[in-house]
């Protein structure tokens, strides 16, 4: 029980899938804003009602243990509050004179319907860019493309990237960015539709590798990624999901190499292929 907001809360979690958690919460009438990264906050007066609907009451310690074992527990470093604070600092080093645009973008990345394409993903991409470019600083156009690449997210592949590129094309000239930089940011955002830069496109390789770095996570991190992506497509039936997701996985596995930068390949290629093959086999079973 956690005292907050003048009441007491328990946490509602699933130790199976985030999709199950969201379906149960929606059926119980819990507000979407009650979801906090890996759990719903449930006020004390609704606790017994949710138990009657099928939730299992457990101790706080047991709840955490089950959530951790499931691979769904979100580490503190990835929680939205921390990610937002770090991202505010990063924006200040990108376009220091335009804090308003940074705030607008963070608002978009914090929309409640997002499950994977959140501020945590944005921070992961920017951190991956740092790794790929070290000890140099990633080019500003590549960093800005990372900020914009999923700024608009509705779950429609291709359309989201185009809408995000349009947003960059409208917003960046208004804050004084040169036309050449604006066009490069737009080009890079559109490139995330296919993640297929040409061999000479270093900027494109940097952004695409950083965006795909999630595929090279450790098993727990990759399982969490799987759950988050499935939750964003909770409206898709299980047979359609298996078919569509399998096609995406096979497309990625057919790419050789999967990562276009030497650093990206060294850090993520082997583990990413193992993760993709494991998920594909799981879907086919």
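Rule-based calculations on the coordinates, nothing more; no lab input. Computed from a prediction, not measured in an experiment: that's the story for all the values here. Positions of Cβ are backbone-derived with ideal geometry, glycine not excepted, and every protein chain shown enters the neighbour counts.
Here are some notes:
- Cα point-scatterer Debye curve for region 108-213, base-10 log of I(q)/I(0) at q = 0.16, 0.17, 0.23 Å⁻¹: -0.65, -0.74, -1.33
- For 259, 9, the sequence from fewest to most other C-beta atoms within 10 Å is 9, 259.
- Mean ellipticity per residue at 222 nm, deg cm²/dmol - from DSSP H runs of n ≥ 4 across the chain, formula -39500 (n - 2.57): -18000 deg cm²/dmol
- Fewest-first sequence of 160, 254 by Cβ atoms within 10 Å of each Cβ: 254, 160
- Diffusion coefficient, µm² s⁻¹, Stokes-Einstein with Kirkwood Rh over alpha-carbon pairs of region 1-157 at 4 °C and 1.567 mPa s: 74
- Ordering 222, 233 from the fewest to the most neighbouring beta carbons within 10 Å gives 233, 222.
- Over region 2-73, the alpha carbon radius of gyration divided by the compact-protein estimate 2.2 N^0.38 Å works out to 1.02.
- For the chain, the spread of Cα coordinates along the three principal axes comes to 60, 46, 33 Å, biggest extent given first.
- With R₀ fixed at 30 Å, the C-beta to C-beta distance from residue 253 to residue 156 puts the FRET efficiency at about 0.80.
- Theoretical gain in end-to-end length, residue 277 to residue 20 [0.36 nm per residue, Cα-Cα removed]: 90.1 nm
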